[in-house]
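Here's the structure we're looking at; comments come further down.
The values are calculated or read from the model by the stated rules, or taken from the named source; none is laboratory data. Nothing here was measured: the structure is a model prediction, and the numbers come from that model. Here Cβ is always computed from backbone atoms with ideal geometry, including for glycine, and neighbour counts include all displayed protein chains. These area figures cover heavy atoms from the full protein model, side chains too; ligands, DNA and RNA do not enter into them. Shrake-Rupley method; radii C 1.70, N 1.55, O 1.52, S 1.80 Å.
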Amino acid sequence: MSAPSCDTRPAGDLPPCMLVIFGASGDLTRRKLIPALFSMFRQGILPRPFAIVGCSRSVMDSEAFREALRRETVKREEEAGAWNGFATLIHYRSIQYDQESFTGLRTFLRDLDNAVGTGGNRVYDLAVPPQLYPVIASLLGGTGLAREESGGNGWTRIVIEKPFGHDLESARELNQTLHRSFRESQIFRIDHYLAKETVQNMLVFRFANSIFEPVWNRHHIEYVGIMAAESLGIGSRAGYYEEAGVLRDMFQNHLMQLLVLTGMEPPCLLESDAVQDEKVKVIRSLRDFNTEHGSRICLGQYTAGEIDQTAVPGYREEAGVSPRSRTPTFALLELYIDNWRWQNVPFLLISGKRLPRKVTRIVVQFREVPHRLFRNLLGNTIGANRLTIETFPDEAIRLTFQSKEPGASLCLRSMTMDFTYGEQYQKSSLDAYARVLLDCMAGDHMLFWRQDGIEQSWAFLTPVLRQCEQCLDRETRLHPYPAGTWGPAPVRATVERLLAP
Ligand SMILES: NC(=O)c1ccc[n+]([C@@H]2O[C@H](COP(=O)([O-])OP(=O)(O)OC[C@H]3O[C@@H](n4cnc5c(N)ncnc54)[C@H](OP(=O)(O)O)[C@@H]3O)[C@@H](O)[C@H]2O)c1
């Protein structure tokens, strides 16, 4: 057996750096960013020296900010000691989004840089509502905070959360605004789905093994299913969700990225631009969405129902949602990639809220055997092979195949070879947010969207959104489904087919 090889990016490998979080009083900082950074601190993989500066309008001092974060982050007593060390890295600055405030921030950051020794290297993370992305990018540019010092003294990077625009035009506008202050190499457009271990493993699985690639095409594959089911509703995010709906919330970014990783050609190098080039090619090859050319769409909206034996309200009864809302909370899209590898293989993209449980998986359904040798004995019921790449509930890869049951008679049974990350690797995988922050500090763009990729993705989806939003009989096309069921009745069987092992 060959020795395992890994790039663990040991502590001390990353350059010193300061992480400046805008919107630091908010949900994303509290629930995702700080816990990810704390886990990196405990694993010893943060840069040294390192500093975190939280910025938002809320008035508080650094001590109050640390205390609010501690309450949210420290869940076990044994973490308290580590937190005390971690807390010394955290600072807070109350700001307004105007020139004067950012000029003051520039002085504050420069003094902290000098005191801590972070060498002018900065990551600006925009954990704020999307309307502030252009405002902050322009203020950073206008006050010289985006500038990279010549002579290698300090780099600056900007991290943008989803949603990146709400259609092609707004995504282009945002890119143009960012590019007035930052070069493309300084911009990191996050899709934390890509940082999940099984998703990253997709490239390794496909391109570091020789047995899958020869069958990874239209000759052997019947269809591909990509599913992100959620049991949660919209929580307190009605304002955002009413505007976005499931297509903008899940399809433009996460599901499109999973489609791309499944469908792309092998890149010539394991290097960010080479990988991004192949990804963009897939999106460019998507057949224009047109129901007359085989594209299929089913939109749904949940009504009151039960999840885990608990009654939950329908979407239109959620706080902040219009009682006449026509926002879809479920969608199934059937897409086609027009190239030699995938011609006429359906890609079924499915996502919905208030489905019975959370499941995220890619299903590669192989064709049935060409000659049914066992037909006389078993009829036409022999199941075809299936490969499932799951990120939730397990991080796992499963391959099903037929086997003979022991005994004198010939009985076939579907068996599953199962590789589960948790069982095979003792060390815990890196949290997705930790992974993207780490890559950003290392300047590695592999897991982020490039400008042309995000614009291509919107270019494909924007006409679909227009068709959905402008169609006159939108109400009748929006299928209701009770919370706790696998989506609208016309496609429920299709969804359930993807749930089999
Ligand atoms: N939360 C998540 O799990 C999640 C997941 C994926 C992507 N995102 C994206 O990440 C970003 C941040 O999410 P979030 O949930 O943390 O947002 P949030 O809690 O609504 O807002 C973050 C902070 O921004 C400030 N803010 C809010 N509205 C503002 C306004 N109109 N003008 C100026 N400042 C305002 C507030 O701080 P002050 O009032 O103190 O300034 C607030 O605490 C959003 O773009 C969201 O779409 C979030």
For the chain, take the longest principal axis of its alpha carbons; what is the angle in degrees between that and the long axis of helix 132-142, to the nearest 10 within 0 to 90?
40 degrees
Could you give the angle, 0 to 90 degrees to the nearest 10, between helix 451-470's Cα long axis and the longest principal axis of the Cα atoms of the chain?
60 degrees
So what's the angle, to the nearest 10 degrees on a 0 to 90 scale, between helix 197-207 and the longest Cα principal axis of the chain?
60 degrees
With a cut-off of at most 15 other beta carbons within 10 Å, and DSSP calling the residue loop, which trypsin sites (Lys or Arg not before Pro) in the stretch 187-273 qualify? Please list them.
218, 237
With every protein chain kept in place and a 1.4 Å probe, the stretch 17-161 has an accessible area per residue in Å² of 43 Å²
Per the 1.4 Å probe, what fraction of the accessible area of the stretch 239-373, in percent, lies on carbon and sulfur atoms?
50 percent
Hits among lysines - C-alpha to C-alpha of residue 281 under 28 Å, sequence gap 8 or more where chains match
162, 196
Using Cα positions and a limit of under 15 Å, work out the aspartates and glutamates in reach of residue 358, with same-chain residues fewer than 8 apart set aside.
230, 306, 308, 390, 394, 395, 496
Mind listing which trypsin sites (Lys or Arg not before Pro) in the stretch 37-123 are in a DSSP loop and have 15 or fewer other Cβ atoms within 10 Å?
57, 75, 76
Within the chain, which is the longest segment that contains none of the chymotrypsin sites (Phe, Trp or Tyr not before Pro) sitting in a DSSP loop with at most 12 other Cβ atoms within 10 Å?
1-339
Please list, ordered by chain and number, the residues whose modelled amide H lies under 5 Å from the amide H of residue 295; skip anything fewer than 5 residues away on the same chain.
290
In deg cm²/dmol, rounded to the nearest 500, the helical mean residue ellipticity at 222 nm of the chain, built from -39500 (n - 2.57) for every DSSP H run of length 4 or more, is -10000 deg cm²/dmol
Please return the longest stretch of the chain lacking exposed loop sites, where GluC sites (Glu not before Pro) count only if DSSP places them in a loop and at most 14 other Cβ atoms lie within 10 Å.
1-148
Which residue, chosen from 369, 262, 303, occupies the Cα position most advanced towards the positive end of the dipole of the chain, where the dipole is computed from +1 (Lys, Arg) and -1 (Asp, Glu) charges on Cβ about the Cα centre?
369
Pop out the carbon and sulfur fraction of the accessible area of the stretch 442-501 as a percent, whole number, probe 1.4 Å.
55 percent
Which FRET efficiency value, to the nearest 0.05, is calculated for residue 293 and residue 271 with the Förster distance at 25 angstrom and r the Cβ-Cβ distance?
0.10
With a 1.4 Å probe and every protein chain kept in, tell me what percent of the accessible surface of the stretch 90-164 is carbon plus sulfur.
47 percent
Extension gain (nm, one decimal) between residue 62 and residue 402, 0.36 nm per residue minus Cα-Cα:
116.3 nm
Can you tell me how much longer the chain between residue 147 and residue 477 gets when fully stretched, taken as 0.36 nm per residue apart minus their C-alpha distance, in nm with one decimal?
113.8 nm
